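The values are calculated or read from the model by the stated rules, or taken from the named source; none is laboratory data. As the structure is a prediction and not an experimental result, all values here were calculated from the model. Every residue, glycine among them, receives a Cβ derived from its backbone with ideal geometry; neighbour counts consider all protein chains shown. Remember, those area values only see protein heavy atoms, side chains included, never the ligands or the DNA or RNA. Shrake-Rupley method; radii C 1.70, N 1.55, O 1.52, S 1.80 Å.
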2 protein chains.
Amino acid sequence: MTAARTTASAPGSRPGLRERKKLKTRIAIREATYRLIEDQGYEATTVEQIAEAAEVSASTVFRYFPTKEDIVLTDEYDPLLEQELRARPADEPIVESLRLVLRRAVNLGFTEEPEVSRLRTRLMIEVPAVRSRLLESMSVTGRMLCRVIAERTGRDAGELEVRVFAMGLIAALTETAAYWAEHDHRDDLGELVDRSLTMLAAGFAPGGEAP
Amino acid sequence: MTAARTTASAPGSRPGLRERKKLKTRIAIREATYRLIEDQGYEATTVEQIAEAAEVSASTVFRYFPTKEDIVLTDEYDPLLEQELRARPADEPIVESLRLVLRRAVNLGFTEEPEVSRLRTRLMIEVPAVRSRLLESMSVTGRMLCRVIAERTGRDAGELEVRVFAMGLIAALTETAAYWAEHDHRDDLGELVDRSLTMLAAGFAPGGEAP
DNA sequence: CCATGAAATGAGAGTAGCTGTCAAAAGGTA
DNA sequence: TACCTTTTGACAGCTACTCTCATTTCATGG
C-alpha cells in the first residue's frame, strides 16, 4: 500500500513493456479462441488447446479470464456506453438516449469487427454456457443503467422502480440481439433496436397500445 | 415403438409403483439438497453428499437432475402459470392478467412453502451458478409468455415485438424477486410485483412518465 | 405363479473446467 | 550490476458431469 506502484503507469505516459505484453497475451488468447471455435465448435475446444495455440500455459489462460466463456464474451464496452449516455442531455428520455447511442455503436463499433459480434450472438443462442454468461453480464450492464437513470432523475439507484426499469430494458435489448442472431443476422441490427425501443417507449405493449 | 408402453399409465388411473418410487426419490434428492445447503452452503455441498443423504448413488442424482443447480431451481410452475393466464379474458391487458395471476400465486403457492422460495431467491443473489441457471429459465418462461401473447393478439409468437415485450416483462419480474431477496424478504412480494407492473404499464419509465 | 422384457439403479472409469501452491523467469528500479 | 516485484509454468487436486455395463427391480403374458 505504501510502496510505489510500478504498474498502472500514469495516464498519458506510454505503458511499460510489462503492460504491453499483458495486453498482447490477452489478445492472443482471445484470437486463438475465436479461431479454434470457428474451426471445431465451442465445446470441442478445450482450454489446453487454446493455451497451446496462444503459446501460453493453461494456468495463464485462467489468470486472464476467469472462465472459458469469458474469453468469448468479455466486453469492455460498458464504461464506454456509460460515458456516452452521460454525455446526452439530462432531459432527454432515456429510451431516446439509448436509441441514439446504440445506433451509433451499431454503425461504428460493430461494423469494425462484424465477424466477432456475429460469432458472439451466434454462440449466445447455440451454446448454453455462453448464453448463461451473457445473461449474467446483463445484470452488470443493468446496474450501470441504474446509475445513469438515478443521476438523471434524482432518484435512488437502488430503488425498485429504477432497477426493474433498467433490467427490463437491458433484457429487451438482449432479446433483440438474440432475434438478430436467430434470423442469421439478415436484418439490420440498428433497425431492430429501433423497433424494440419504439415499442417500449409506446407503453410497453407489443401492439403499441395495450392489448 | 410398436411395443406397448409400460410406463406413463393412462391419466386417471393410479400411477404404478415405479412412478411413485421415482417421484419419491426425486423429492428425497431435493429435500436432502435443501437441508445440506441450509447447513453448509451451496458450494460446500457436493453432489456425492446429496446422493448419500438421499440414499441413492451419484449417478442417480444426475439422472434426475441434469445439473446441480437444477435440483434447487426446477420448478414445474410454468405450465400452471400458462394455464392461469389463458383462463383470463382475452381482452384484458396482459400486464393486468399477470398482476392478478401473480398476486394469487404469491398468496397461495408461495406461502405454502415460504422457506423454499426464500431459499431460492437468496441463492439466486448469492450463488452465481444458481443465478445463471435461473436467468436461463427466464427465457423458457419468456417463450411461454410469447405464446400466450400471440394467441391473444393474433400476432406471431416469433415476432420481434412480442419476444422483446415478453422478455422485458419476465426480466422485470425476476429483478423484482431479486430486490425482494436483497432486502431480506422484508417487503411484501405481492406489493413489489404490483409496483413493478404498475410502472411498466404506465409507459415503461421509472417515474410513471418518461424522464 | 413364474418367465420374459423393460426400466431403474449402482459402480466405476474418464473428461474437463477451475483452484491453489511453489519455484523459476522476466521486467522494472536503484 | 544487484534487488525486488510481477508474471509465468508446472503440477497436484477437487468436483461437476458423462458414459458404459452389469445388476436389480418392476410390469406383464402365459
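Does the stretch A:8-28 include one or more residues that are of a type in the set (A, V, I, L, M), part of a helix (DSSP H, G or I) and within 20 Å of A:Leu119 (Cα to Cα)?
Within the stretch A:8-28 (the criterion being of a type in the set (A, V, I, L, M), part of a helix (DSSP H, G or I) and within 20 Å of A:Leu119 (Cα to Cα)), the answer is yes, since at least one residue qualifies.
Considering every residue within the stretch A:149-156, establish whether at least one is under 19 Å from the mean Cα position of the chain (by Cα), more than 9 Å from chain B (Cβ to nearest Cβ) and more than 30 Å from A:Tyr34 (Cα to Cα).
The answer is no; no qualifying residue exists.
In the stretch A:72-92, is there at least one residue being at the interface with chain B (Cβ under 10 Å from one of its Cβ atoms) and open to solvent by less than 50 Å² (accessible area, probe 1.4 Å)?
yes
Which residue out of B:Arg186, B:Arg163 is free of Cβ contacts under 8 Å to residues at least 24 places away in the same chain, in a helix (DSSP H, G or I) and either surrounded by fewer than 22 Cβ atoms within 10 Å (Cβ to Cβ) or not β-branched (Val, Ile, Thr) (or both)?
That would be B:Arg163, the only listed residue that is free of Cβ contacts under 8 Å to residues at least 24 places away in the same chain, in a helix (DSSP H, G or I) and either surrounded by fewer than 22 Cβ atoms within 10 Å (Cβ to Cβ) or not β-branched (Val, Ile, Thr) (or both).
Working only within the stretch A:29-47, note down all residues that are among the small types (Gly, Ala, Ser) and either closer than 15 Å to A:Met124 by Cβ or part of a helix (DSSP H, G or I) (or both).
If the condition is that a residue be among the small types (Gly, Ala, Ser) and either closer than 15 Å to A:Met124 by Cβ or part of a helix (DSSP H, G or I) (or both), then A:Ala32, A:Gly41 are the ones that fit.
Where the second residue is more than 7 Å from DNA strand C (Cβ to nearest atom) and in a loop (DSSP other than H, G, I, E, B) and the first is open to solvent by less than 30 Å² (accessible area, probe 1.4 Å) and lies in the stretch B:42-66, which pairs have Cβ atoms under 6 Å and are six or more apart or on separate chains?
B:Tyr42/B:Val127
Being farther than 24 Å from B:Ser132 by Cβ, free of Cβ contacts under 8 Å to residues at least 12 places away in the same chain and not acidic (Asp, Glu) is the requirement here; does A:Ser97 meet it?
No, not satisfied.
Tell me, yes or no, whether the stretch B:52-69 has at least one residue that is near DNA strand D (Cβ under 8 Å from one of its atoms) and of a type in the set (Val, Ile, Thr).
Taking the stretch B:52-69 and keeping what is near DNA strand D (Cβ under 8 Å from one of its atoms), we get B:58-59, B:62, B:65-69.
So of that shortlist, the ones also of a type in the set (Val, Ile, Thr) come out as B:67.
Yes - at least one qualifying residue is present in the stretch B:52-69.
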